[in-house]
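Q: This is the structure I have questions about; it appears just below.
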Amino acid sequence: MTHAAGSERPPGPRGHWLFGNTEEYDRDRNAFLERCHREYGDVFSFDARTIVVSSPDQVHALLTRTNRDFLAENSPLAGSTDTERMAADAELWTTTRRAGWQGLHRRVAQAHAERLREIFLKTVGDGEIDVLATMADFFGRATADFCLSADAEGVPETLAENVAAIDPLSRDSLQLPPWWPSRKVRRFARSRKRLLALMTDIVRRRRLAGGTAGDTAGDTAGDTAGDTAAQDLLGVLLAPGDQQLSDLQIERFLRGIMLAALGVPAAALTWIVYELSTRPDVLARLEAEAASAGEVPVMGDLPYTEAFVKEVLRLWPPTWLIGRTVRHETELEGWRLKTGDQVLFSLYRLHRDPRWWSDPDQLVPERWLDPRAVPVRHTYLPFGAGPRVCVGTQLGMMQLTLATAWLVGGMSLARTRETAMVPDFSGLLVPRDLRVRLERKAVRQGA
């Protein structure tokens with residue numbers, strides 16, 4: 001499509017005179033975006049204040065200019081668009097993120113892996129399971145452990161309550177204002193308040209204790225900040241540094257990390273289980289690799305497992321639709337945007353675009369094992385990019401890779417329903433009603 005720099009808004013579907021395209025979009029979100037992409041190309045208008053982009057260069061520009069020209073959306077409720085308040089929140093997040101980055105380093109995360117295995121064995125047991133619910137339970141406990149270790153009591157349950165309250169709001173493209181007399185809005189407000197109150201109490205108690213977790217003071221006495229991080233992320237954030245963080249900064253950062261580190265990896269591991277149940281050839285190769293690795297292997301010991309996880313994240317990115325708010329009047333690839341406008345893109349569509357991928361709809365883990373088969377730039381972004389790239393990228397990959405190895409190495413699984421899988425695009429991308437039967441392998445029971 002050619003257009004003059006700074007020209008009028010791109011074309012798009014006309015929609016209903018009152019409701020616009022919302023009704024058709026909500027009937028099948030992915031199908032609507034696919035149809036519009038075919039008809040209008042890599043950029044189209046969803047409505048008067050929203051455009052959708054699809055090309056790698058457009059997506060890259062949007063993500064790398066976040067915080068400067070665009071702001072990340074972070075609320076499930078509607079409200080007046082205060083871009084400067086959003087910018088201040090973004091700066092608060094960035095400042096805290098810099099202080100906590102070392103807590104998410106792979107070396108530190110590996111120390112967390114020892115406890116992670118015990119959490120996995122206690123959470124994922126024998127019998128028929130609702131996969132998404134089980135994996136959400138696992139990652140809720142895993143995330144609370146990484147962030148808070150011995151002080152995590154009560155956090156997984158409160159966190160799960162908050163996520164469950166966000167879910168119905170995220171499924172509705174028409175956002176409700178916080179004052180709306182709705183049971184969904186009240187439930188979200190109550191759950192958010194409870195989680196923040198719990199985080200406030202934990203942070204204040206930990207600061208009074210000198211930054212160490214309840215039962216780890218003996219282990220951390222005299223440690224450097226980097227070594228304290230090996231216990232949990234809160235210890236890193238409370239450690240003395242160039243810029244002392246306030247309790248409010250730490251509480252908001254931890255809540256954001258835990259919310260992101262529960263729903264997204266739980267959805268990803270659910271897709272991993274789905275693919276394991278449909279690809280016996282891949283499962284056999286994963287089992288062989290797991291059998292040759294230790295109980296808590298390092299990432300380099302599981303190359304095929306890591307490639308498999310990457311490929312599942314390409315096919316089924318849980319955060320399949322990402323949005324940004326325009327901070328001030330600007331242009332994106334020549335299209336003029338106003339303050340408060342929205343720009344969206346679909347990772348699902350980008351990851352399956354035949355222009356950039358061979359066999360785009362097929363699971364091919366081997367594509368990640370050939371050093372010559374490098375993806376086209378900016379076409380693989382399961383954790384985002386730019387200033388707001390997911391802070392837990394390494395941690396998430398480690399947790400998913402290890403959980404996959406433990407699952408195939410220690411358990412056999414079988415689908416309990418041989419119905420066609422239906423992907424749900426209404427919130428996070430998940431398979432609807434996936435259930436499997438798990439059974440611990442005798443060799444692992446003996447061990």
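The values are calculated or read from the model by the stated rules, or taken from the named source; none is laboratory data. Note that the structure is a prediction, hence the values are computed from the model and not measured. Positions of Cβ are backbone-derived with ideal geometry, glycine not excepted, and every protein chain shown enters the neighbour counts. Side chains are part of the model used for accessible areas, which takes the heavy atoms of the whole protein and leaves out ligands, DNA and RNA. Shrake-Rupley method; radii C 1.70, N 1.55, O 1.52, S 1.80 Å.
Q: Cα convex hull of the stretch 316-447: how many Å³ per residue? Show your work: numbers first, answer last.
A: On the way: hull volume 22.4 nm³, N = 132.
Dividing the Cα hull volume of the stretch 316-447 by its residue count gives 170 Å³.
Q: Could you state the accessible area per residue of the stretch 327-429 in Å², with a 1.4 Å probe and every protein chain left in place? Present the calculation step by step, with values, prior to reporting the outcome.
A: Numbers: 4570 Å² over 103 residues.
Here the per-residue accessible area is 44 Å².
Q: What list of ³J(HN,Hα) couplings, whole Hz, do you get for the stretch 191-206 from phi and the Karplus terms 6.51, -1.76, 1.60, once you set θ to phi - 60° and write x for glycine and proline?
A: Karplus values, whole Hz, x for Gly and Pro: 5, 5, 4, 5, 5, 5, 5, 5, 5, 4, 5, 5, 4, 5, 5, 5.
Q: Highest mean first, how do 252-265, 428-441 rank when packing is the count of other Cβ atoms within 10 Å averaged over residues?
A: Values: 252-265: 22.2, 428-441: 17.5.
Descending packing order for the listed peptides: 252-265, 428-441.
Q: So what's the gap between the Cα centers of the stretch 334-371 and the stretch 236-283, to the nearest angstrom?
A: The stretch 334-371 and the stretch 236-283 have Cα centres separated by 22 Å.
Q: Let me ask something else. Note down the relative contact order for the stretch 25-71 as a percent, whole number, built from C-alpha pairs under 8 angstrom at least six residues apart.
A: Numbers: 23 pairs, mean separation 9.0, N = 47.
This gives 19 percent for the stretch 25-71.
Q: Multiplying the sequence separation of D370 and M421 by 0.36 nm and subtracting their Cα-Cα distance, what value in nm do you get?
A: Net length gain for the segment: 15.4 nm.
Q: Once phi is turned into ³J(HN,Hα) by the Karplus curve 6.51 cos²θ - 1.76 cosθ + 1.60 with θ = phi - 60°, what whole-Hz value does each residue of the stretch 297-312 show in order, with x for glycine and proline?
A: Each residue of the stretch 297-312 in turn: x, 7, 4, x, 7, 10, x, 6, 5, 5, 5, 4, 4, 4, 6, 5 Hz.
Q: Shifting gears a bit: Would you kindly derive the ³J(HN,Hα) couplings of the stretch 322-335 from the backbone phi angles with the Karplus curve 6.51 cos²θ - 1.76 cosθ + 1.60 (θ = phi - 60°), listing them in order in whole Hz, with x for Gly and Pro?
A: Result, ordered by residue: 10, x, 9, 9, 6, 6, 8, 4, 7, 10, 10, 6, x, 8 Hz.
Q: If you don't mind, there's one more thing I want to ask. Can you give me the relative contact order of the stretch 313-386 as a percent, contacts being Cα pairs under 8 Å and 6 or more apart?
A: 32
Q: When all alpha-carbon pairs of the stretch 228-381 are counted, what percent fall beyond 26 Å?
A: On the way: 5828 of 11781 pairs.
Value for the stretch 228-381 (Cα pairs over 26 Å): 49 percent.
Q: Continuing with the same structure: Return the FRET efficiency for the residue pair R440, A288: r is the Cβ-Cβ distance, R0 is 25 Å, and the value is rounded to the nearest 0.05. Don't skip to the answer; put the middle values down first.
A: Details: r = 19 Å, r/R0 = 0.75.
Here the calculated transfer efficiency is 0.85.
Q: Which whole-number percent gives the relative contact order of the stretch 110-162, counting Cα pairs below 8 Å spaced six or more residues apart? Numbers along the way, then the final one.
A: Working: 26 pairs, mean separation 18.1, N = 53.
Relative contact order comes out at 34 percent.
Q: I'd like the carbon and sulfur percentage of the solvent accessible area for the stretch 311-356, probe radius 1.4 Å, heavy atoms only, ligands and nucleic acids excluded. It would help to have the intermediate numbers written out before the result.
A: Values: 730 of 1530 Å².
Of all accessible area on the stretch 311-356, carbon and sulfur atoms account for 47 percent.
Q: Hey, can you rank 414-423, 312-321 by average C-beta count inside 10 Å, highest first? Kindly include the intermediate steps, with their values, before the conclusion.
A: On the way: 414-423: 10.9, 312-321: 22.5.
The peptides rank, most packed first, as 312-321, 414-423.
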